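Bear in mind these aren't lab numbers, they're just calculated from the coordinates by the rules spelled out. Please read these numbers as outputs of a predicted model, since none were measured by experiment. We place every Cβ from the backbone using ideal geometry, glycine too, and count neighbours over all the protein chains shown.
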Amino acid sequence: MNDTRITDMICPIPLSDYPEITMAHGGGGRLMNDLIDRVILKAFSNPILDSRHDGAVLEAGKGKLAFATDSHVITPLFFPGGDIGTLSVYGTVNDLAMCGADARWLSAGFIIEEGFSMETLWRVVVSMAEASMKTGVSIVTGDTKVVDKGKGDGIYINTAGIGIIPAGIEISPSRVREGDAVVLSGDIGRHGIAIMAIREGIRFESTIRSDLAPLNSITGDLLREGLDIHCMRDLTRGGLASGLNEIASMTDCSIRIQESLIPVHDEVLGACEILGFDPLYVANEGRFVVILPRENGERAVEILRGHDIGRQAEIIGFVEKPSYADVLMISSIGSERIIDMMSGEQLPRIC
Amino acid sequence: MKYVSEYRERESALKYAGLIGKMVTKDWSIMEVCGGQTHSIVKYGIDQLLPDSVTLIHGPGCPVCVTPIELIDQAAEIAGFENVIFCSFGDMLRVPGSCSDLLRVKASGGDVRMVYSPIDAIQIAAGNPDKEIVFFAVGFETTAPVTAAAVLQAEQLGLDNFSMLVSHVLVPPAIKTVLSGEDCAIQGFLAAGHVCSVMGYTEYEPIAEKYGVPIVVTGFEPLDILEGVHMCLKQLEQGRTEVENQYLRAVSREGNRPAIELMRSVFEITDRKWRGIGRIPDSGFMLREQFSKFDAGKKFKVSSHEVDEPAICISGEVLRGNKKPFECVAFGEECTPEHPLGAPMVSSEGACAAYYRYRLARKK
């Protein structure tokens with residue numbers, strides 16, 4: 001019997017390292033993963049949480065449920081291709097979709113700053129209603145809090161969701177096997193660059209739109225086809241690189257991808273060149289990877305390409321036997337390099 | 001993407017690598033001066049295409065890395081002052097000083113803002129007359145003209161709430177320091193294309209002549225670097241020691257005259273300490289006397305102190321090209337990009353950080 005009480009536990013990140021939370025702790029890279037591993041999992045550890053899936057998979061009677069949550073703190077609230085309302089619904093629906101679940105019920109928690117425009121709140125709420133209709137979920141419970149002016153950034157929205165996992169579906173990083181194909185659902189980096197462009201006032205020849213999209217319809221098609229999907233992950237903060245690293249770190253295998261096969265829109269690439277960013281690390285909100293047996297790879301690509309958001313789907317690489325790093329990439333000129341998890345946030349370079 | 005993809009093309013890269021392989025008859029060591037080139041080499045695996053007889057040595061050309069700890073400490077101290085808005089390029093924000101960095105100052109309530117140009121900082125100053133705006137002016141000759149332009153603009157606008165912490169450094173004195181070192185093994189240089197797009201390359205001609213080394217002004221894309229390496233090796237094989245220009249699409253021999261004049265009107269040359277290397281004579285810019293009111297070091301009372309670099313760190317050896325990051329016992333252990341001990345682990349363009357990110361064998 002372990003008699004350590006939670007209150008006796010010492011904060012496992014030494015104070016000398018980071019006595020305070022920095023923005024990099026929320027950046028989707030190694031610092032965030034450290035925070036989750038060493039503080040959150042340390043305090044809450046249990047088998048369901050420790051599986052580190054996009055959502056929790058729960059046994060419920062004879063069936064299985066998926067349960068996920070996501071908080072949204074985006075500036076600006078409205079951006080090309082979406083807004084915080086749509087994002088807050090799709091974010092949780094997508095996390096549930098990655099567990100193979102059919103998303104059904106959502107909760108919505110609002111933290112609103114004093115002085116926030118009622119008209120803007122209405123626009124956000126209408127967006128959420130439309131997004132719920134489009135994805136077939138109902139917002140069935142909620143909470144509203146108002147904080148003093150200056151103590152919030154307009155509005156923060158948390159959603160949590162429950163979905164039903166059809167019988168026979170088991171999707172988890174632990175099922176990834178050597179030889180599996182790695183399928184990417186489309187071009188990467190749009191969301192991060194769209195937000196960055198607005199936030200920093202950087203203008204390009206045409207407006208880059210966020211890739212924000214619901215993924216439940218596309219994953220539903222993949223599952224209905226009966227493909228033996230081993231793992232799926234939506235690529236949000238930290239981008240493709242962090243998503244693949246998170247998966248690989250939970251298996252005994254390495255993942256090897258080809259740079260020349262990864263679709264990146266010219267304008268995203270151009271923006272990345274100017275800012276010194278690597279598109280592999282830029283955020284997405286409507287892209288995901290599917291890992292499944294090699295013989296199912298082509299069929300998965302066909303199904304994805306049947307959807308507007310999957311037109312550029314590609315097999316970008318394969319799962320291989322353990323190598324010297326979790327994720328490796330063959331560069332455009334044919335050499336090999338490590339794709340590491342991002343350290344903190346990507347910061348624009350001097351020159 | 002047009003004008004980019006062409007320079008990252010596999011077939012042409014292999015052709016250059018083939019030409020190089022056929023040409024070299026002995027062992028050669030070439031230093032690429034600029035961190036941007038180091039980043040490209042390691043990111044694309046350009047060195048993997050070269051024959052074993054050719055060694056690329058990574059030089060001290062990352063301005064973020066070589067900014068001295070003392071100055072980072074000053075920046076962090078000023079950024080923490082009430083009423084100050086501290087503006088910096090993004091990659092300086094997480095560079096550790098002796099006890100803090102700018103991101104942590106921001107986390108503790110300091111108003112630290114990331115800007116893309118010093119002109120952005122001028123606009124912030126104009127819009128916030130009751131605040132003190134301080135810009136962290138870091139970079140080689142590439143970014144110095146814009147800093148100079150910002151000073152003149154501040155003067156023109158009569159802004160008395162704007163100042164800067166100047167840490168501009170110059171490439172030629174660093175090359176001379178590397179070449180003057182005992183047991184210097186470097187036989188040729190790739191000069192930094194972007195620095196030369198401003199400065200031209202006349203100042204490299206006496207260096208090539210005095211030290212007997214070929215210098216090739218080189219760009220940053222994989223094919224630029226392969227062509228630069230090819231031109232440099234060709235000179236070495238033929239026994240020539242000239243300054244040549246690979247980066248024709250951006251660099252002229254005379255450089256950008258108006259930019260050079262602008263810098264000269266605002267800055268004068270001074271000695272500067274380089275993190276990991278030490279003091280190099282005449283290797284940096286400082287504001288001329290007539291612009292000293294924009295000198296944040298003078299405007300704010302900050303503590304000055306010397307900081308010793310960790311003894312275990314061999315960054316000086318790495319920055320001079322005598323050792324590779326792998327040869328350091330702290331590499332990837334005590335020293336990581338999250339907790340860098342020395343300069344080259346600090347910025348993504350530093351040699352150690354590039355090796356850590358793209359090359360370090362971990363876990364499996």
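Could you grab the Rg to Rh ratio for the protein assembly as shown? Cα atoms only, Kirkwood for Rh. Could you put the intermediate results ahead of the total?
Working: Rg = 26.7 Å, Rh = 27.2 Å.
Using Cα coordinates only, the ratio equals 0.98.
Please work out the Kirkwood hydrodynamic radius for the range B:104-158, using every pair of different C-alpha atoms, and report it in angstroms with one decimal place.
Details: mean 1/r = 0.0820 Å⁻¹.
The answer is 12.2 Å.
Provide the descending list of Cα extents for the range B:234-364 along its principal axes, expressed in whole angstroms.
Largest first, the range B:234-364 extends 57, 54, 24 Å along its Cα principal axes.
To two decimal places, what compactness ratio does the range A:22-120 give when its Cα radius of gyration is scaled by 2.2 N^0.38 Å?
Ratio of Cα Rg to 2.2 N^0.38 Å: 1.28.
Show me, bin by bin at 5 Å from 0, the whole-percent P(r) of the range B:1-145 based on Cα pairs.
2, 8, 14, 15, 13, 11, 9, 9, 8, 6, 3, 2, 0, 0
How large is the helix-only mean residue ellipticity at 222 nm for chain B, computed as the sum of -39500 (n - 2.57) over DSSP H runs with n ≥ 4, divided by its residue count, in deg cm²/dmol to the nearest 500?
The helix-only estimate for chain B comes to -10500 deg cm²/dmol at 222 nm.
Using a Cα-Cα cut-off of under 20 Å, which lysines could be cross-linked to B:LYS298, ignoring same-chain neighbours fewer than 8 residues away?
List returned: B:LYS131, B:LYS273.
Using only Cα atoms, what Kirkwood radius does the range A:173-338 have, in angstroms?
Taking every pair of different Cα atoms in the range A:173-338, averaging 1/r and inverting gives 16.1 Å.
Give me the base-10 log of I(q)/I(0) for the range A:56-169 at each q in 0.10, 0.16, 0.23 Å⁻¹, Debye formula, one uniform scatterer per Cα, rounded to two decimals.
Treating every Cα as an identical point scatterer, log10 I(q)/I(0) equals -0.31, -0.71, -1.22.
So which trypsin sites (Lys or Arg not before Pro) in the range B:60-161 pass both tests, a DSSP loop state and at most 16 other Cβ atoms within 10 Å of the Cβ?
Numbers: sites: B:ARG94, B:ARG104, B:LYS106, B:ARG113, B:LYS131; in loops: B:ARG94, B:LYS131.
Passing both the DSSP loop test and the Cβ count: B:LYS131.
Rank these for me by crowding, A:SER249, A:SER127, going from fewest to most other beta carbons within 10 Å. Don't skip to the end; give the middle numbers.
On the way: A:SER249 15, A:SER127 20.
So the ranking, lowest neighbour count to highest, is A:SER249, A:SER127.
Whose amide H sits under 5 Å from the amide H of B:SER98, counting only residues 5 or more places off or on another chain, with H placed in the peptide plane?
B:ASP73
Quote the Stokes-Einstein diffusion coefficient, in whole µm² s⁻¹, for the range A:121-265, based on the Kirkwood radius over alpha carbon pairs, a temperature of 10 °C and a viscosity of 1.306 mPa s. Mind showing how you got there, number by number?
Details: Rh = 18.8 Å.
Reported coefficient: 84 µm²/s.
What does the net charge come to around A:GLY154 if you take all other residues with beta carbon closer than 15 Å to its beta carbon, with K and R at +1 and D and E at -1?
Values: positive: A:ARG123, A:LYS145, A:LYS149, A:LYS151, A:ARG199; negative: A:ASP83, A:GLU113, A:GLU114, A:GLU119, A:ASP148, A:ASP153.
My count for the surroundings of A:GLY154 gives -1.
Given a cut-off of 30 Å, name the pairs among A:LYS151/B:LYS293; A:LYS149/B:LYS106; B:LYS210/B:LYS323 whose C-alpha atoms lie farther apart than that in the structure shown. Kindly include the intermediate steps, with their values, before the conclusion.
Working: A:LYS151/B:LYS293 37 Å; A:LYS149/B:LYS106 21 Å; B:LYS210/B:LYS323 25 Å.
The answer is A:LYS151/B:LYS293.
So if a site counts as exposed when it's one of the GluC sites (Glu not before Pro), its DSSP state isn't H, G, I, E or B, and it has at most 10 other Cβ atoms within 10 Å, what's the longest stretch of chain B without one? List each step's numbers first, then the result.
Details: sites that count: B:GLU82, B:GLU182, B:GLU306, B:GLU333.
After excluding every exposed loop site, the longest remaining stretch is B:183-305.
Starting from the Cα of A:THR120, step 7 Å toward the Cβ, then list every residue of the range A:204-238 with an amide N under 18 Å from that point.
none
Calculate I(q)/I(0) for the range B:134-283 by the Debye formula, one identical point scatterer on each C-alpha and no solvent, and give its log10 at q = 0.13 Å⁻¹ to two decimals.
So the normalised log intensities work out to -0.65.
Can you compute the FRET efficiency between B:VAL307 and B:ILE269 using 1/(1 + (r/R0)^6), with r the Cβ-Cβ distance and R0 = 30 Å? Round to the nearest 0.05. All intermediate terms of the calculation are to be shown ahead of the outcome.
Numbers: r = 24 Å, r/R0 = 0.81.
E between B:VAL307 and B:ILE269, to the nearest 0.05, is 0.80.
Can you give the Kirkwood hydrodynamic radius of the range B:233-303 from its Cα pairs, in Å with one decimal? Show your work: numbers first, answer last.
On the way: mean 1/r = 0.0625 Å⁻¹.
Roughly 16.0 Å, rounded to one decimal.
When the Kirkwood radius is taken over all Cα pairs of the range A:166-224, what Stokes-Einstein diffusion coefficient follows at 10 °C and 1.306 mPa s, in µm²/s?
Working: Rh = 14.9 Å.
Answer from the Stokes-Einstein relation: 107 µm²/s.
Taking only the C-alpha atoms, wrap a convex hull around chain B and report its volume per residue in Å³ as a whole number. Could the numbers behind the result be given before it?
Working: hull volume 54.7 nm³, N = 364.
Spread over its residues, the Cα hull of chain B gives 150 Å³ apiece.
Quick check for me: using +1 on Lys/Arg Cβ and -1 on Asp/Glu Cβ, what's the dipole size of the protein assembly as shown about its Cα centre, in debye to the nearest 20?
Working: 68 positive and 96 negative charges, 82 e Å.
Computed about the Cα centre, the dipole is about 400 debye.
Rank the residues B:MET114, A:MET342 as a footprinting-exposure proxy: fewest other Cβ atoms within 10 Å of their Cβ go first.
Details: B:MET114 18, A:MET342 27.
Final ranking by Cβ density, sparse to dense: B:MET114, A:MET342.
Set Lys and Arg Cβ to +1 and Asp and Glu Cβ to -1, take the dipole of the protein assembly as shown about its Cα centre, and tell me which of A:SER323, A:ILE303, A:VAL137 lies farthest positive.
A:ILE303
Find the all-direction average of the projected area of the Cα convex hull for chain A, expressing the result in square nanometres with one decimal place.
Numbers: hull surface 81.6 nm².
The number I arrive at for chain A is 20.4 nm².
In whole Å, what are the extents of the range B:194-238 along the principal axes defined by its C-alpha atoms, from largest to smallest?
30, 30, 9
What are the extents of the Cα atoms of the range B:263-323 along their three principal axes, in Å, largest first?
Reported extents, whole Å, longest axis first: 42, 28, 13.
Contact order normalised by length for the range B:194-267, with contacts defined as Cα pairs under 8 Å and 6 or more residues apart; what percent is it? Display every interim value, and only then the final one.
Details: 97 pairs, mean separation 33.8, N = 74.
Averaging sequence separation for qualifying contacts and normalising by length gives 46 percent for the range B:194-267.
Helix-derived [θ] at 222 nm for chain A: sum -39500 (n - 2.57) over DSSP H runs of at least 4, divide by residue count, nearest 500?
-8000 deg cm²/dmol
For the range B:315-358, report the translational diffusion coefficient in µm²/s to the nearest whole number, using Stokes-Einstein at 20 °C, 1.002 mPa s, and a Kirkwood Rh over Cα pairs. Intermediate values should be presented prior to the final figure.
Working: Rh = 9.9 Å.
So the translational diffusion coefficient is about 217 µm²/s.
From the phi of every residue in the range B:308-322, what ³J(HN,Hα) in whole Hz does the Karplus formula 6.51 cos²θ - 1.76 cosθ + 1.60 yield, where θ is phi - 60° and glycine or proline is x?
Each residue of the range B:308-322 in turn: 7, 7, x, 5, 6, 6, 9, 4, x, 5, 5, 5, 8, x, 7 Hz.
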